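Notes follow once the structure below has been shown.
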Amino acid sequence: MKRDIEQGSIQLSLTDIVRLAIEFTETHGGCDTPRGQAYLVFLFGQMDSLNKIVFDKAMEAMSAHLEKVPEEVYATLSIIMTRYAMHEINLVDNVASLLRTGLELGGEPLERLLGMVEPILFAAVARFLAVAELVSNTPSSELQRTVASIEQVISHYMYEEGRALTAIKFYMDMILSGTPQLIVGDSDDGKEATEDNSGHT
C-alpha cells in the first residue's frame, strides 16, 4: 500500500490481497468458523459490523490530521476518506443483498456465489483498513506531499472493486435467468471477469 502511494503505480490488486491471506492461513491456520446456514448467519452479522468499523476508521484517519495541515489539504483528505468509506459501505450492502438473493437458490449456486463475493469483500475492506491506518500514521508534515497520490490510488482501488461487483452481479443475473455453465474467474489485471461456455467475455 505504501509502495503504491509513494510510486503512484497501482500494484496491490484484490487478487494479491486474497493470495496473501491464503499464504498467511496456510502458515498460521485459518479461523474456526461455523459451517452451512450457521456460517451465513455469522457472515451477515460480520457484515453489519463492518459498516460501523469502516466509518469509524475513516473518521480516525481524518482526525489524526485535524488542525495539523492547511485547511485545503484537510478538506481534500476528508472528501477522499469519506468517499472511500461510503464506497466500502455500499460494497458491503451490495454483497449482503446478493447473498440474501442467493439464499433463495441454495445448493451449489449459493456456494459458488459465496466463494466469489467473500474473498472480494474481505480483500476490499482489508485494503480500506490498511489505507486508513497508513493515512493515520503518515506524519502531517508529509501528508501535503502525498494527498494527491493517495487520492489517485484510492480512486483506482474503488474502480477495481466496482468492476468486480459488476461482474458478480452479471453472474447472478445469469443464474436467475437460467443461463447454464457460467464460469467466473480472474482476468490478467486482477479484476473479476465473467465468461459463458462460448468463450465470450
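Every number here is computed from the coordinates shown, using simple stated rules; none is lab data. Fair warning: this is a prediction, and the values are worked out from it, not measured in the lab. Every residue, glycine as well, gets a Cβ built from its backbone with ideal geometry; the counts of neighbours run over all protein chains shown.
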| Cα-projected label distance for residue 11 with residue 137, points at 7 Å along beta-carbon direction, nm | 1.9 nm
| task | Please compute the net charge surrounding residue 140, taking Lys and Arg as +1 and Asp and Glu as -1 over other residues with Cβ under 15 Å from its Cβ. | result | -3
| said: Over the chain, how many pairs of lysines fall under 22 Å by alpha carbon, counting only those 8 or more apart in sequence or from different chains? | reply: 5
| said: If I model a spin label at residue 90 and residue 28 as a point 7 Å from the Cα along the Cα→Cβ vector, what separation in nanometres do I get? | reply: 3.2 nm
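Summing Lys, Arg as +1 and Asp, Glu as -1, what charge do residues with Cβ under 13 Å from the Cβ of residue 149 carry, residue 149 excluded? Mind showing how you got there, number by number?
Values: positive: 2, 3, 145; negative: 4, 6, 142, 151.
That works out to -1.
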| query | Calculated from the structure, mean projected area of the Cα convex hull in nm² equals which of (i) 16.6; (ii) 12.3; (iii) 11.2? | reply | (ii)
| Roughly how many nanometres apart are two label points built 7 Å out from the Cα toward the Cβ at residue 71 and residue 100? | 4.3 nm
| request: Find out how many positive minus negative residues lie around residue 2, taking Lys and Arg as positive, Asp and Glu as negative, among other residues whose Cβ is under 13 Å from that of residue 2. | output: -2
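Take every Cα pair under 8 Å in the stretch 1-177 that's 6+ residues apart, average their separations, divide by the length, and report that relative contact order as a whole percent.
Working: 122 pairs, mean separation 66.4, N = 177.
Once normalised by length, the contact order is 38 percent.
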